[in-house]
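Asks: Quick one: the structure is below, and I'll ask about it shortly.
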Amino acid sequence: MRIAVAGATGNVGRHVIESATARGHDILSLTRRAGYDLEKGTGLAGALDGVDAVIDVANVVSTSTRRSREFFTAVTTHLLAAERDAGARHHVTLSIVGIDGVDAAYYAGKLAQERLVEQGTVPFTLLRATQLHEFAEQVVHNTSAGRFTLVPKGLVRPVAAREVGARLVELAEAGPAGRAGDLTGPREERLADLVRRMVAFDGVRRSVIEFPLPGKFGRAMRSGQLRGDADADRGTIDFDAWLRSPDHTRTGAGEGRGTATSDRPDREGPAG
Ligand SMILES: NC(=O)c1ccc[n+]([C@@H]2O[C@H](COP(=O)([O-])OP(=O)(O)OC[C@H]3O[C@@H](n4cnc5c(N)ncnc54)[C@H](OP(=O)(O)O)[C@@H]3O)[C@@H](O)[C@H]2O)c1
């Protein structure tokens with residue numbers, strides 16, 4: 001199959017590319033570096049001709065309701081229009097478990113994205129996954145000051161981006177299915193415990209301070225609703241196995257000189 005990937009350089013996107021390559025697919029990476037700005041809609045005219053499926057894992061890290069809605073609405077609208085023009089048969093998108101009714105902060109953008117996909121005319125598959133193990137790295141990169149890292153109180157069931165990327169490729173191969181079953185991680189965790197284990201594993205001296213994030217977004221994190229149903233499909237790589245894997249970028253590896261997740265101008269805080 002010919003598969004176009006939006007967000008190909010991101011946490012999930014790089015695993016989508018790895019998995020799709022291993023399974024012999026022909027890949028088109030819609031990266032900014034290659035001239036595709038999906039928020040502005042540039043580069044897409046004619047680009048999707050001959051594409052069988054588009055996997056959208058583009059992202060903005062922002063806790064601003066306005067910014068998140070603006071980004072996901074623009075990217076999804078541009079992609080769906082280009083897919084319609086090209087006659088693409090399948091749009092595969094990734095959202096987050098448990099966000100129903102949390103029309104605030106980052107999740108407002110994800111709900112807007114889901115609505116556009118579900119109400120659009122391009123056949124789709126929508127997968128919801130829980131927080132990625134990589135989310136702990138993002139928290140440390142974005143909320144650390146000196147020896148301190150502030151972590152929102154949160155109950156999660158984190159999953160490896162590697163397993164989410166592989167699932168998205170399987171779903172692209174299977175054809176449009178509407179809402180797919182949720183994908184969660186193998187174990188329930190407290191977000192602050194993940195961050196503590198990560199900085200200890202990385203040998204970085206940090207005090208991890210847990211605090212209740214105010215508002216709907218913070219309540220959703222604390223309530224446990226983001227963990228999904230206990231009987232949802234579960235990945236097999238737990239957080240500690242992921243820490244020991246090459247998929248984990250060590251805390252401090254890029255601090256002070258920009259990192260894979262913190263050196264972009266659109267980064268405004270942890271969101272996931
Ligand atoms: N993080 C989590 O815990 C989590 C959990 C469940 C679901 N998800 C969902 O998974 C998806 C991917 O998240 P992620 O953490 O993998 O993302 P990420 O690491 O933040 O990567 C974002 C990707 O989007 C690209 N991008 C951003 N703005 C763009 C633009 N204007 N034009 C073209 N490409 C652009 C980036 O490309 P550049 O290299 O050009 O910056 C990068 O490839 C998101 O939809 C997110 O909601 C995330």
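Please treat every number below as a calculation from the coordinates, not as lab data. Not measured: the values here are computed from a predicted model. FYI the Cβ positions are ideal-geometry reconstructions off the backbone, even for glycines, and counts take in every protein chain you see.
Asks: Give the range of the longest stretch in the chain that excludes all trypsin sites (Lys or Arg not before Pro) found in loop regions by DSSP and having at most 11 other beta-carbon atoms within 10 Å. Provide the component values of the computation, followed by the final result.
Replies: Numbers: sites that count: Arg33, Arg147, Arg205, Arg244, Arg257.
Between exposed loop sites, the widest span is 34-146.
Asks: In whole angstrom, how far apart do the alpha carbon centroids of the range 20-66 and the range 106-163 sit?
Replies: Each part's Cα centre sits 18 Å from the other's.
Asks: What full-extension length gain, to one decimal in nm, is calculated for Thr121 and Ser223 as 0.36 nm per residue of separation minus the Cα-Cα distance? List each step's numbers first, then the result.
Replies: Values: separation 102, 0.36 × 102 = 36.72 nm, distance 3.49 nm.
Fully extending the segment from Thr121 to Ser223 adds 33.2 nm.
Asks: Next question. For the chain, what is the calculated [θ] at 222 nm in deg cm²/dmol (nearest 500), taking -39500 (n - 2.57) for each run of four or more DSSP H residues and dividing by its residue count? Intermediate values should be presented prior to the final figure.
Replies: Details: 8 runs with 97 residues, N = 272.
Value at 222 nm, helices only, nearest 500: -11000 deg cm²/dmol.
Asks: Another one. Where both partners of a DSSP beta bridge lie in the range 2-243, what percent of those bridges are antiparallel, to the nearest 5? Please list the in-between numbers first.
Replies: On the way: 5 of 34 bridges.
DSSP beta bridges in the range 2-243 are roughly 15 percent antiparallel.
Asks: Let me ask another. Could you list which residues have their amide H under 5 Å from that of Ile96, counting only those 5 or more apart in sequence or on another chain, with H placed in the peptide plane?
Replies: Ala129
Asks: Rounded to the nearest 0.05, what FRET efficiency do Ser245 and Glu170 give with R0 = 30 Å and r taken as the Cβ-Cβ distance? Could you check? Intermediate results must be reported in sequence, preceding the final value.
Replies: Details: r = 21 Å, r/R0 = 0.69.
Step by step, r from the Cβ atoms, then E = 0.90.
Asks: Compute the length gained on full extension between Glu210 and Arg89: take 0.36 nm times their separation in residues and subtract their Cα-Cα distance, giving the result in nm to one decimal.
Replies: Values: separation 121, 0.36 × 121 = 43.56 nm, distance 4.51 nm.
Length gained, Glu210 through Arg89: 39.1 nm.
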